[in-house]
Amino acid sequence: MPSSASSTLPYPSALPPVQINRKPLWLALLAVLAGAIYLGQAVGWRQGALWIVGALLGVTLYHASFGFTQAWRVFVSDRRGAGLRAQMLMLAVGVLLFFPFLAQGTLWGQPVSGFVSPPGVSVLLGAFLFGVGMQLGGGCASGTLFAVGGGNTRMLVTLLFFIIGSVIATAHFSWWSALPALAPTSLIKSWGLPVALAANLAVFALIAWLTTVLEKRRHGRVISFAARTSRPASLLQGPWPLIWGGVALVILNFATLALAGRPWGITSAFALWGAKALDALGGDPASWAYWAKQQAALAAPVRQDITSVMDIGLMLGALAAAAAAGKFAPVWKVPARSLAGAVIGGLLLGYGARLAFGCNIGAYFSGILSGSLHAWLWLPAAFAGSALGVRLRPLFGLAVERTPAASSC
């Protein structure tokens, strides 16, 4: 029995040419260019560069379909583990690249630090809620943004309630942060660089091996993450193999570290946008304990917030990628049950991300690359929540992928 299905199946003999959506493509490219020039002049060249990095992240996520939500769902429901193995490869490359520079504290002369947060009860609960929200909302933090940029109108609802949930969580943050927790712990500093690297790589290898064993047990063979079967890979029009996406995300996260002095994050911007909107409507989020420590960010223009700039750039990059692939075609009619899932999922995503000090990017991807212990609490708790969310999806009319049973006919 072959070990890989995707690398051996032929492409269809007559593939239709890709019909580029030219107007949205040009609008997206002009917006990326104009934004980079504006930010370079109004804030500084690093902010303009981070805007472009954000756009490239959007292109990568869209063309590689490198979502965390579906990868976890198909493993829970069908034991297909290609997406999880791609994540483990991404993390392995990431720690090899990040850990040495974080250990020395500088990168090309610039001080750098990781996302290291307190591991505790709020992380476990927040990550679990986030995992449920991933499956009901239809995407994680990065998935929500690139889906919105790609024209998925349902995800606009998820994003709106993601923002609302984030703001609600900041109002309650002082209560949650008082729950039992350890001090912020860096495995790089606690164990030293060689041990931290070896331990992380061993865990990634173990997870990849387990997904392989379980997939073979269920299906008899393993699907590779190194190839696509729909059409030949194209750098500009996609689709990309997952391995391309994983490596590109690491490189772009490293570029973020070099430019911003810290890794890639997403969801803090959602809380900021919501708090600014509430303030404009007459609320007083500045009096909340969460924002008392971030008065400068709350008062400053959005253009000065690194995460906001990268998030907006990401959506524009995804729009450009969807248009280049000929897939930008918004559908405005969303079934009521699916809409309810987007509302509930968005609220859980926003609330959970704040409690857990981040999302699948800030707490999981960048958290592990930072050597933070809290990331290793986040991962199993979010996966458990995601497993529950998979079981809840049919209640909201949402599909759960499964390989059809073999037919004797």
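Summary of values
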{"read-out": "Alpha-carbon Debye profile of the stretch 286-351, log10 I(q)/I(0) at 0.18 Å⁻¹", "value": "-0.99"}
{"read-out": "Ordering of 388-401, 124-137, 292-305 by burial proxy (mean other Cβ atoms within 10 Å per residue, highest first)", "value": "124-137, 388-401, 292-305"}
{"read-out": "I52, I223, ranked by accessible area, largest first (probe 1.4 Å)", "value": "I52, I223"}
{"read-out": "Shape call, the stretch 107-173: gyration tensor on alpha carbons, a/c limit 1.5", "value": "oblate"}
{"read-out": "Cα-Cα separations in the stretch 254-409 greater than 27 Å, expressed as whole percent", "value": "42 percent"}
{"read-out": "Protection proxy ranking of 348-360, 275-287 - average other beta-carbon atoms within 10 Å, highest first", "value": "348-360, 275-287"}
{"read-out": "Overall Cα dimensions of the chain, principal axis frame, Å, largest first", "value": "68, 51, 46"}
{"read-out": "Test item: Cα-centred dipole of the chain, Lys/Arg +1 and Asp/Glu -1 on Cβ, debye", "value": "940 debye"}
{"read-out": "The chain: Lys pairs at Cα distance under 30 angstrom, eight or more positions apart or on different chains", "value": "5"}
{"read-out": "More than 23 Å apart - percent of Cα-Cα pairs taken over the stretch 84-215", "value": "55 percent"}
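The values are calculated or read from the model by the stated rules, or taken from the named source; none is laboratory data. What you see is a predicted model, and the numbers here were worked out from it, not measured in a lab. Cβ coordinates were reconstructed from backbone atoms using ideal geometry, including for glycine residues, and neighbour counts include every protein chain displayed. These area figures cover heavy atoms from the full protein model, side chains too; ligands, DNA and RNA do not enter into them. Shrake-Rupley method; radii C 1.70, N 1.55, O 1.52, S 1.80 Å.
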